[in-house]
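The values are calculated or read from the model by the stated rules, or taken from the named source; none is laboratory data. As the structure is a computational prediction, the values presented were derived from the model and not from experiment. Please note: Cβ atoms are built from the backbone with ideal geometry, for glycine as well, and neighbour counts cover all protein chains shown. Accessible surface areas use protein heavy atoms only, side chains included; no ligands, DNA or RNA. Shrake-Rupley method; radii C 1.70, N 1.55, O 1.52, S 1.80 Å.
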Amino acid sequence: MNAPDSVSHGFGRRNILKFGAVGAIAAGATAFAQKSAFAAPADSAQHLQALYQDALDEGGRLVVWAGGSNPNQEAATRAAFLAAFPGTDATFTVRYSPVQAALVNRQLALGGLEPDVVQLQTLYDFDHWKAANALLPYRPPGATKVFPGYRDPDDTYIGINVRSFGRTVNSALVGAAEAPGDATDFLAPAFLDKIVFPDPTAEDAVLFAFYLITQKHGLGYLERLMAQRPLVVANAGATAAALNSGQRTVSLAHLAPLAPVTGQSLRYVVPRTDAFMSWPQTAAILRRAANPAAAKLYLAWQLSAERQGLGPQWPARRDVTPPGGWRPITAYNTSRTAFREFLRDREEVERYRAVIRTFVAP
């Protein structure tokens, strides 16, 4: 395995924000929670204090539509937000990103807009909504620290964390020396009937992970991979279940925390030479949001240095240290913008999806 390099409505005198359980990666069965508290810098704390009061004045309600496959994956985020801002009430609805985007488009056209914030991996939707003047520009404190390529220069959307569908192993069953990193490693006889991954034709992030593999190794690689009799499942949650149960031991494309989680055996692995996919999970406030102050409060909170440091994978801010002793995302063989560029060419995406469908049968 590739190792990483080395309560009131106000904040009180010291402007302390209290964090409860936070962060769960979008992997269904993989839970990740931590607790922390911090004294924010004066400017950030004052901004959050003002937004907090504004949010309470407008009713204290927040509605976030997040992309993902597990309806409960944002439960820890909700708990942490409510602990940090008593008196607020946040609703998180999780659906696949394309479904969320389609519902937003329907409501923008017909009225009755429900979400204040959209938080999705279908990055091309943010371009569309920006062009349609459907997004409310907002620059949270710390936005200028976000890596270039993760943030709209006009402040209509911003990456709040970095995620990767990467190589993952059950470390209780696969030792560090045997853990596959490059795509060709998965072709070893030891991994016959041991591989699992989400259906790459079902959503674009896993599809892009396979796109990078076949760009380097050719489509012939998929014939050899399928000869390994991989288990192709519906989503990340089912992938995690297969890995955690020991039914399968390795995955080419799965979300897993960078730092080991107590009581869990899944480990993220960086390829030796292959490029791997990553993307900024991106959020934006809708211009017609019913609760704009709460929406701004949420984005400012998510972009705070302290909150960024609690994520299971890489932070979006370049001045925040990743968990578990890992290096910044820029130190690895992954592009900050390639996934967005891939998504923008919808004709190419659908052509590639159709080709992959001839190889991969769920």
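Backbone phi angles across region 209-224, fed through the Karplus curve with coefficients 6.51, -1.76 and 1.60 (θ = phi - 60°), yield HN-Hα couplings of 4, 6, 4, 4, 5, 6, 4, 8, 9, x, 5, x, 4, 5, 4, 5 Hz in residue order; Gly and Pro are listed as x. The alpha carbons of region 209-294 give a radius of gyration and a Dmax of 17.6, 54 Å, in that order. Viscosity 0.890 mPa s, temperature 25 °C: what is the translational diffusion coefficient of region 161-234 from Stokes-Einstein with a Kirkwood Rh over Cα pairs, rounded to a whole number of µm²/s? Here the translational diffusion coefficient equals 187 µm²/s. Summarising the amide proton neighbourhood of Arg163: residues at separation of 5 or more, or on other chains, whose placed amide H is nearer than 5 Å comprise Trp279, Gln281. Scaled against the 2.2 N^0.38 Å expected of a compact globular protein of N residues, the Cα radius of gyration of region 126-209 reads 1.62.
To put it simply, the accessible area of region 305-362 at a 1.4 Å probe is 50 percent carbon and sulfur. When both region 227-299 and region 64-84 are represented by their alpha-carbon centers, they are found 15 Å apart. Each peptide among 115-123, 71-79 gets the average number of other Cβ atoms lying within 10 Å of its residues, and from highest to lowest they stand as 115-123, 71-79. Number of Lys-Lys pairs in the chain with C-alpha atoms under 29 Å apart and a separation of 8 or more places or on different chains: 9. On the principal axes of its alpha carbon atoms, region 286-335 extends 40, 23, 16 Å, with the longest extent given first.
Computed log10 I(q)/I(0) for region 51-164 at 0.21 Å⁻¹: -1.46, from the Debye equation with unit scatterers placed on every C-alpha and solvent omitted.
Against the empirical 2.2 N^0.38 Å (N residues), the chain has a Cα radius of gyration ratio of 0.98. Think of a 1.4 Å ball rolled over the protein heavy atoms: region 211-348 then has 36 Å² of accessible area per residue. Each residue of region 232-239 was assigned a 3J(HN,Hα) from its phi angle through the Karplus curve 6.51 cos²θ - 1.76 cosθ + 1.60 (θ = phi - 60°); the sequence is 9, 10, 6, 7, 5, x, 5, 5 Hz, with glycine and proline shown as x. Taking a ≥ b ≥ c as the square roots of the eigenvalues of the Cα gyration tensor, an a/c ratio of 1.5 or more together with a/b no larger than b/c marks region 268-362 as oblate. Think of a 1.4 Å ball rolled over the protein heavy atoms: region 110-152 then has 38 Å² of accessible area per residue.
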